[in-house]
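**Q** One structure follows; several queries about it will come next.
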Amino acid sequence: SIFEARYCLDELHADGVGLMTHYGGMYLGDQRLDELMAELDGRGALAVMHPTQPAVMVPDVNEEIPVPAFEYFVETTRAFLNMVQNDTFTRYPNIKWVIPHAGAFLCVLADRFESFALMLRFADPDRRADIMEDMVHVYYDVAGFSEQKQVEMLLRNVDASHLLYGSDTPYTDIAACVGQAEALENTEKLTAAQKQMLFSDNAKALLPKLR
């Protein structure tokens, strides 16, 4: 993985790397990935997370519901919490993380998670485990029908400067992507300044060569 990251960044001059929420059940906060995280941190690299099917699926429950409809959101939330629990964001603060789908369930459950993180910190004073601080630290793409509720709720926890437009192609049909973009363009839940930040300014700040 380190070899591939170096090749992509140094030889192909990629803007960043893409990481799935887990690899064979090994989530991104796992200590076995520490050397990779250290490599990305030393470079101040951009790392875009995307969910995949859970390592373990509960049989005969939601088999008629497509995996992306629900399980992807669970996966993103689970991976983020795994990283909070293992202080990944604190130990590797220079990685510029992009979390998909407006943070999935994070904006709804952040306060609940924080009450349990408080217990972790009480049990171990050397532990950070601060979900609120970690949420502020990362960036979020708003792909995937986020205009209806998620963006508005996410802005209660993070600044508009950390929102990025995401089309969700090729996972979502292009017609639906266009409809989602139009919903964000026309929503009254964001100010004109916030829309400018989401669609353009934030990306230029994160990737200066886009200017």
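**Q** From the set of residues in the range 164-176 that are of a type outside the set (Val, Ile, Thr) and closer than 18 Å to residue 51 by Cα, which is farthest from the chain's Cα centre (by Cα)?
**A** 173
**Q** Do we find a residue being in contact with a Lys or Arg (Cβ under 7 Å, 6 or more places away or on another chain), in a helix (DSSP H, G or I) and within 29 Å of residue 189 (Cα to Cα) anywhere in the range 137-160?
**A** yes
**Q** Take the residues in the range 83-128 that are of a type in the set (Val, Ile, Thr) and in a helix (DSSP H, G or I); name whichever of them is most open to solvent (accessible area, probe 1.4 Å).
**A** This residue is 108.
**Q** Among the residues of the range 166-180 satisfying the criterion of being more than 12 Å from residue 145 (Cα to Cα) and part of a loop (DSSP other than H, G, I, E, B), which is modelled with the highest pLDDT?
**A** 173
**Q** Kindly provide the set of residues from the range 152-211 that are under 16 Å from residue 98 (Cα atoms), open to solvent by 40 Å² or more (accessible area, probe 1.4 Å) and among the charged types (D, E, K, R), ordered by number.
**A** Result: 159, 201, 204.
**Q** Only one of 167, 200 is under 22 Å from residue 136 (Cα atoms) and without any contact (Cβ under 8 Å) to a residue 60 or more places away in the chain; which?
**A** 200
Rundown of residues vs (1) touching a Ser or Thr at 6+ places or on another chain (Cβ under 8 Å); (2) polar (S, T, N, Q), yes/no style:
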{"position": "96", "(1), (2)": "no, no"}
{"position": "106", "(1), (2)": "yes, no"}
{"position": "113", "(1), (2)": "no, no"}
{"position": "141", "(1), (2)": "no, no"}
{"position": "145", "(1), (2)": "no, no"}
{"position": "158", "(1), (2)": "no, no"}
{"position": "164", "(1), (2)": "no, no"}
{"position": "172", "(1), (2)": "no, yes"}
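**Q** Counting only residues that are touching a strand residue (DSSP E or B) at 6+ places or on another chain (Cβ under 8 Å) and assigned to a helix (DSSP H, G or I), which one in the range 43-82 is most open to solvent (accessible area, probe 1.4 Å)?
**A** Here the answer is 78.
**Q** Moving to a separate point now. With the structure loaded, tell me whether residue 40 is under 24 Å from residue 162 (Cβ atoms), surrounded by 22 or more Cβ atoms within 10 Å (Cβ to Cβ) and more than 11 Å from the chain's Cα centre (by Cα) or whether it fails that test.
**A** yes
**Q** May I pose another question? List pairs: first residue in the range 139-157 and β-branched (Val, Ile, Thr), second residue open to solvent by less than 50 Å² (accessible area, probe 1.4 Å) and assigned to a loop (DSSP other than H, G, I, E, B) anywhere in the structure, Cβ distance under 7 angstrom, at least six positions apart or on different chains.
**A** 142/166; 151/142; 151/190
**Q** Here are some residues: 109, 81. Which one is under 23 Å from residue 171 (Cβ atoms) and not acidic (Asp, Glu)?
**A** Residue meeting the stated conditions: 81.
The values are calculated or read from the model by the stated rules, or taken from the named source; none is laboratory data. Every value quoted in this text rests on a predicted model; they were computed, and no experiment measured them. In this analysis, Cβ positions are derived from the backbone assuming ideal geometry, glycine residues included, and neighbour counts consider all displayed protein chains. What goes into the accessible areas is simple: the full protein's heavy atoms, side chains included, and nothing from ligands, DNA or RNA. Shrake-Rupley method; radii C 1.70, N 1.55, O 1.52, S 1.80 Å.
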